[in-house]
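J.: Before anything else, here's the structure in question.
The values are calculated or read from the model by the stated rules, or taken from the named source; none is laboratory data. Computed from a predicted model, the values in this text were never measured in an experiment. Virtual Cβ from ideal backbone geometry, glycine too; neighbours counted across all protein chains shown. These area figures cover heavy atoms from the full protein model, side chains too; ligands, DNA and RNA do not enter into them. Shrake-Rupley method; radii C 1.70, N 1.55, O 1.52, S 1.80 Å.
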Amino acid sequence: MNGLVVVGASYAGVQAALSAREAGYAEPIRLIVDETSLPYQRPPLSKGFLLGEASEQSLVLRDETFFRDKGIELLLGTSAVRVDRQERRVALADGARLDFDRLLLATGSRARRLSVPGAEREGIHYLRSLRDAQTLKAELDAAASIIIIGGGFIGLEVASTASKLGKNVTVIEAASRLLERTVSPVVSQFLLALHHQNGVDIRLSETVARLDKDGDRWTVTTGSGAALHGDIVLAGIGGLPNIELATEAGLACDNGILVDAHGATSDPLVFAAGDCTSHHNSFAGQQTRLESVQHAQDQGKAAGSAVAGKTSPYTSVPRFWSDQYAAKLQMVGLSHGRDHHVIRGEPDQSGFSVFMYRQNRLIAVDSVNRPGEQLIARKLIGAGVSPSPAQAADLSFDLKALPLPRAAEGARP
Amino acid sequence: MPLVRFVEPNGAERTLEIVTGTSVMQTAIRHSVRGIEAGCGGCLDCATCHVYVDDSQLHAMPPASAQEDAVLAAVAAERRPTSRLGCQLFVPVGIETLIIHIPETQL
Ligand SMILES: Cc1cc2nc3c(=O)[nH]c(=O)nc-3n(C[C@H](O)[C@H](O)[C@H](O)COP(=O)(O)OP(=O)(O)OC[C@H]3O[C@@H](n4cnc5c(N)ncnc54)[C@H](O)[C@@H]3O)c2cc1C
Ligand code: FES
């Protein structure tokens with residue numbers, strides 16, 4: 001029995017291995033990852049860790065004893081370089097080969113690289129791994145200013161952290177509003193104001209034309225011809241799925257390894273989960289690739305159970321959170337195609353939620369500092385229950401009073 | 001180092017050292033204490049690190065913040081006056097062994 005080999009030991013890989021065990025998989029499980037540290041949490045890298053509030057120790061996802069107790073062998077610091085599906089074998093960079101009965105790819109995603117002139121220079125920061133965060137932190141501590149290319153979640157979180165550390169921060173964003181594809185315009189506006197209040201210079205509808213370095217100083221020339229100077233340049237312009245192993249092995253991929261609701265790929269012996277996959281998402285009504293902890297864990301759970309022969313399809317409502325300054329931003333559902341929205345509360349720091357509708361159906365809710373409301377919204381969207389826009393906008397209306405279908409009562413919040 | 005004693009619904013117990021500055025949830029996750037999920041890693045996003053503080057120690061705990069209180073409204077198991085989120089819970093000075101009861105379910 002060669003058992004299960006999992007490539008990638010972050011949220012998806014660790015959860016899948018654990019879920020396979022919990023679903024009764026009794027064969028060996030080997031979890032391999034190219035990083036040298038124990039599996040760790042990534043969200044704090046741009047927040048608490050960079051700020052100096054969270055230590056490397058506190059990021060650890062699971063102790064070594066956890067893996068030992070579960071009979072999961074963890075192989076750190078080695079990468080899978082090739083998958084031979086005929087021989088059911090994975091080749092590692094160090095020359096070792098692992099035979100498998102089942103394979104699970106949880107290779108995640110990587111930072112998209114800049115492609116403007118000067119982008120090939122040494123020293124441009126990207127933030128994805130603990131290593132990246134450690135180098136960025138060391139340089140940021142000594143720097144006076146940072147230029148952030150990209151006003152997405154990572155860019156804005158680093159902007160908030162750097163500004164808390166007293167740095168001069170500039171953010172360059174190509175779109176005309178922040179987080180254009182992910183949050184409602186009300187939240188974009190709220191965040192813009194929040195960053196301004198904290199002294200961050202945000203340049204919307206602006207691109208980067210080239211990067212130059214003179215000694216330790218960077219000059220970023222923008223599309224409109226401005227020359228910005230800073231000690232550090234960080235690019236946060238999105239992620240790309242790590243699908244090379246899968247494509248070379250001939251698995252069906254399209255901006256992600258294609259998987260069904262059980263995490264199965266086009267080869268029934270090979271599964272995949274997390275940032276590296278693309279699945280048909282019923283809340284989006286289309287093929288979707290998600291990058292979030294919730295997705296990696298829930299899909300990892302489905303794939304791990306399927307390896308053990310138990311079905312537990314992945315049907316969770318997509319959700320994401322981000323922390324910037326004192327604002328806790330939480331999102332549930334997918335807002336493509338929204339045609340109507342209402343605001344619950346006042347769009348200020350005391351907290352509010354934006355309820356988004358498509359043809360009178362509640363499809364997504366963005367909240368700022370309203371975790372309770374967010375949790376109710378998860379249940380509502382998960383169960384397909386839509387408060388009327390008038391009810392959603394009325395703070396005196398108790399959203400918890402809306403009846404949920406029976407099956408949804410116990411659904412994951 | 002302070003200790004935390006986790007009591008499962010069936011009475012099974014485990015006592016662990018809690019590294020200073022780490023939360024009850026972090027201690028549970030790192031030692032794979034059953035019954036604490038912590039889907040969001042402590043970001044007040046998931047309500048799956050719900051625990052009950054022992055009645056005898058409730059008075060010694062600082063109260064929940066407004067945000068923790070809001071998230072507690074969505075916990076899966078019964079919410080009691082002793083309900084807290086493990087990710088927001090640290091051992092207060094003066095307590096040597098914090099006693100934590102694990103709820104029946106988190107999901
Ligand atoms: C700075 C930062 C902040 C974030 N903040 C949030 C947040 O607030 N909320 C949220 O929901 N999400 C957040 N995310 C996203 C979240 O971390 C990811 O969605 C999640 O980590 C995806 O998990 P995963 O297991 O699919 O892949 P990953 O975490 O990407 O892990 C994949 C692992 O596989 C390894 N690997 C890849 N190829 C190979 C190979 N061939 N051989 C061996 N190992 C390999 C990689 O090195 C990596 O360790 C954040 C991400 C970052 C980087
Ligand atoms: S770990 Fe998610 S709310 Fe505590």
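J.: I want to check the label-to-label distance for A:Ala252 and A:Asp339. Put each point 7 Å from Cα in the C-beta direction and report it in nm to one decimal.
T.: 3.1 nm
J.: Let me know the Kirkwood hydrodynamic radius for segment A:43-144, please, with Cα pairs as the basis and the value in Å to one decimal.
T.: Roughly 17.1 Å, rounded to one decimal.
J.: For segment A:298-413, what does the relative contact order come out to in percent, with C-alpha contacts under 8 Å and a separation of six or more?
T.: Here the relative contact order equals 20 percent.
J.: In segment B:75-107, what residues drop by 10 Å² or more of accessible area when the other protein chains are put back, versus the chain on its own? Use 1.4 Å, and skip ligands and nucleic acids.
T.: Buried-area filter returns B:Leu107.
J.: Distance from the Cα centre of segment A:56-72 to that of segment A:303-328, in angstrom?
T.: Here the two parts' Cα centres lie 20 Å apart.
J.: While we're looking at this one, here's another question. Using a 1.4 angstrom probe on protein heavy atoms only, which residues from segment A:324-343 are buried by at least 40 Å² of accessible area when all chains are present rather than their own chain alone?
T.: Residues losing area: A:Lys328.
J.: When you look at the Cβ of every residue in B:62-69, what mean number of other chain Cβ atoms sits within 10 Å? All intermediate terms of the calculation are to be shown ahead of the outcome.
T.: Numbers: counts 0, 0, 0, 0, 4, 6, 1, 2.
Partner Cβ neighbours, averaged per residue: 2.
J.: Give me the distance in nm between label points sitting 7 Å out from Cα along the Cα-to-Cβ direction at A:Leu395 and B:Thr97, one decimal.
T.: Going from the A:Leu395 label point to the B:Thr97 one covers 4.7 nm.
J.: Leaving ligands, DNA and RNA out of it, report the carbon-plus-sulfur percent of the accessible area of chain A at a 1.4 Å probe.
T.: Carbon and sulfur atoms account for 47 percent of the accessible area of chain A.
J.: Probe radius 1.4 Å, ligands and nucleic acids left out: which of A:Asp84, B:Asp69 has the largest accessible area, and how do the rest follow?
T.: Values: A:Asp84 45, B:Asp69 75 Å².
Descending accessible area places them as B:Asp69, A:Asp84.
J.: Still on this model: Can you pull the three principal axis extents for the Cα set of segment A:256-410, in Å, largest first?
T.: Dimensions of segment A:256-410 along the principal axes of its Cα atoms: 52, 38, 27 Å.
J.: By the gyration tensor of its Cα atoms, with a ≥ b ≥ c the square roots of the eigenvalues, what is the shape of segment A:102-196: rounded for a/c under 1.5, prolate for a/b over b/c, or oblate?
T.: It is oblate, given that a/c is not under 1.5 and a/b is not larger than b/c.
J.: Would you mind getting me the FRET efficiency between A:Leu269 and A:His229? Use the beta-carbon distance for r and R0 = 41 Å, nearest 0.05. Intermediate values should be presented prior to the final figure.
T.: On the way: r = 54 Å, r/R0 = 1.32.
Here the calculated transfer efficiency is 0.15.
J.: Compute the accessible area per residue over the protein assembly as shown, keeping the other protein chains in place, probe 1.4 Å, unit Å². Kindly include the intermediate steps, with their values, before the conclusion.
T.: Values: 21650 Å² over 520 residues.
For the protein assembly as shown, the solvent-accessible area averages 42 Å² per residue.
J.: In straight Cα distance, which lysines are under 18 Å from A:Lys164, not counting same-chain residues fewer than 8 positions off?
T.: A:Lys47, A:Lys137, A:Lys328
J.: Report, by chain and number, residues whose modeled amide H sits under 5 Å from the one on A:Gln287, excluding near sequence neighbours (fewer than 5 apart, same chain).
T.: Residues meeting the criterion, in which the H sits 1.01 Å from N, are A:Asn281.
J.: Now for a different question. Sum -39500 (n - 2.57) across every DSSP H segment of at least 4 residues in chain A, then divide by the residue count to get the 222 nm mean residue ellipticity, nearest 500. Before the final figure, lay out each step's value.
T.: On the way: 12 runs with 106 residues, N = 413.
That calculation yields -7000 deg cm²/dmol at 222 nm.
J.: With +1 assigned to the C-beta of every Lys and Arg and -1 to the C-beta of every Asp and Glu, and no other charges, what is the dipole magnitude of segment A:283-413 about the Cα centre in debye, to the nearest 20?
T.: 500 debye
J.: I'd like the interface area for chains B and A: accessible area of each alone minus the complex, both sides summed, 1.4 Å probe, protein heavy atoms only. What is it in Å² to the nearest 100? If you can, show how the numbers build up before the last one.
T.: Details: alone 5750 and 18000 Å², together 21650 Å².
That pair of chains buries around 2100 Å² in total.
J.: From other protein chains only, count the Cβ atoms within 10 Å of every residue's Cβ in A:57-66, then give the mean.
T.: 4
J.: Would you give the gap between the C-alpha center of segment A:198-264 and the C-alpha center of segment A:108-144, rounded to a whole Å?
T.: 10 Å
J.: Here is a further query. Treat every Asp and Glu Cβ in segment A:40-146 as -1 and every Lys and Arg Cβ as +1, leave all other atoms uncharged, and give the resulting dipole magnitude about the Cα centre to the nearest 20 debye.
T.: Its charge dipole is roughly 480 debye.
J.: When the dipole is taken about the Cα centre of the protein assembly as shown, and only Lys, Arg (+1) and Asp, Glu (-1) are charged at their Cβ, what size is it in debye, to the nearest 20?
T.: Approximately 760 debye in magnitude.
J.: Sticking with this one: What's the long-distance tail for segment A:139-277, i.e. % of Cα pairs beyond 24 Å?
T.: Roughly 45 percent, once rounded to a whole number.
J.: Right, another one. Just to verify a number: FRET efficiency for B:His59 and A:Gln86, C-beta to C-beta distance, R0 = 56 Å, to 0.05? If you can, show how the numbers build up before the last one.
T.: Numbers: r = 66 Å, r/R0 = 1.18.
FRET efficiency, B:His59 to A:Gln86: 0.25.
J.: Further question on the same structure: As I understand it, the dipole of chain B uses +1 on the Cβ of Lys and Arg and -1 on the Cβ of Asp and Glu, about the Cα centre. Which of B:Val91, B:Ala74, B:Met1 lies farthest toward its positive end?
T.: Ranked along the dipole, the leading option is B:Met1.
J.: Is there a simple number for the mean count of other chain Cβ atoms within 10 Å of the Cβ of residues in B:27-38, and what is it?
T.: Mean partner shielding for this stretch: 3.
J.: On the principal axes of its Cα set, how long, how wide and how thick is chain A? Give whole Å, largest value first.
T.: The Cα atoms of chain A stretch 62, 60, 36 Å along the principal axes, largest first.
J.: List the aspartates and glutamates whose alpha-carbon lies under 17 Å from that of A:Lys70, not counting same-chain residues fewer than 8 positions away?
T.: Qualifying aspartates and glutamates at Cα under 17 Å: A:Glu22, A:Glu27, B:Glu37.
J.: How far apart, in nm, are the 7 Å Cα→Cβ label points at A:Ala142 and A:Asp216?
T.: Taking the simple label geometry, A:Ala142 and A:Asp216 are separated by 0.6 nm.
J.: Can you give the FRET efficiency for B:Thr15 and A:Glu346, using 1/(1 + (r/R0)^6), R0 = 56 Å, r = Cβ-Cβ distance, to the nearest 0.05?
T.: The value I calculate is 0.75.
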